[in-house]
Amino acid sequence: MKHPNSNNRKTNRRRFLSYLVGLAGLLLVGLVSVPMAALSLFPAFKRRKETWLDIGPLADVVLGDPTAFTYRYNNRDGYLDQLIRGTVYVVAENLQSFTVFSNICTHAGCAVRWEPDKQVFYCPCHNGMYNINGQVAAGPPPRPLDRFPYKVVGGRILIKIKGA
């Protein structure tokens, strides 16, 4: 003869086991998803270190005429290690205060060059022109040339770059 509470016990046991399996599943999902979320979100909040790159001696700057300096550095982004190369122009009326311009056109990202006979930075891609102060003089560029923060340490010019 069957015990009168045997069906009720089976139901309670099944319900308990289903809760236990559900709880184990939630625990497993939590153990996997929390680290995955942390790995994907924390790099967004990570502060990039301030990097100053030595571009050359202050003695190489020609007063009143843009002076080109080239630079290169390794940029590590996750597993990707890239060699970054670029050029900047230093424009100085005196050696105490000057401006460091990027040579990248703000229109299409082409390289600009100083044209001494025209007294402009010229972009050959779409005939964009910038004056010696980096302001748009002609053509399609939407804004002035970008500037780099700089400092002089021990007679050397250092520019602040992103990342690195």
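The values are calculated or read from the model by the stated rules, or taken from the named source; none is laboratory data. Treat the numbers as computed from the prediction; the structure is a model and nothing was measured. Cβ atoms come from the backbone with ideal geometry, glycine included; neighbour counts cover every protein chain shown.
What to note about this one:
- Within region 89-126, the set of residues being among the small types (Gly, Ala, Ser) and surrounded by fewer than 12 Cβ atoms within 10 Å (Cβ to Cβ) comprises Ser97, Gly109.
- Taking region 112-146 as the range and being among the small types (Gly, Ala, Ser) and touching a Gly at 6+ places or on another chain (Cβ under 9 Å) as the test, the residues that pass are Gly128, Ala137, Ala138, Gly139.
- Hits in region 135-164 - residues which are surrounded by 14 or more Cβ atoms within 10 Å (Cβ to Cβ) and either of a type in the set (Phe, Trp, Tyr) or without any contact (Cβ under 8 Å) to a residue 40 or more places away in the chain (or both): Val136, Ala137, Gly139, Pro140, Pro141, Pro144, Phe148, Tyr150
- Checklist (1) hydrophobic (A, V, I, L, M, F, W, C); (2) modelled with pLDDT under 85; (3) assigned by TED's automatic domain parsing to the domain that holds Arg113 applied to Val91, failing item: (2)
For every residue, the table says whether it meets (1) outside the structural domain of Lys151 (by TED's automatic domain parsing); (2) under 19 Å from the mean Cα position of the chain (by Cα); (3) within 21 Å of Lys160 (Cα to Cα).
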| position | (1), (2), (3) |
| --- | --- |
| Arg72 | no, yes, yes |
| Asp77 | no, yes, yes |
| Leu95 | no, no, yes |
| Gly109 | no, yes, yes |
| Gln119 | no, no, no |
| Gly128 | no, no, no |
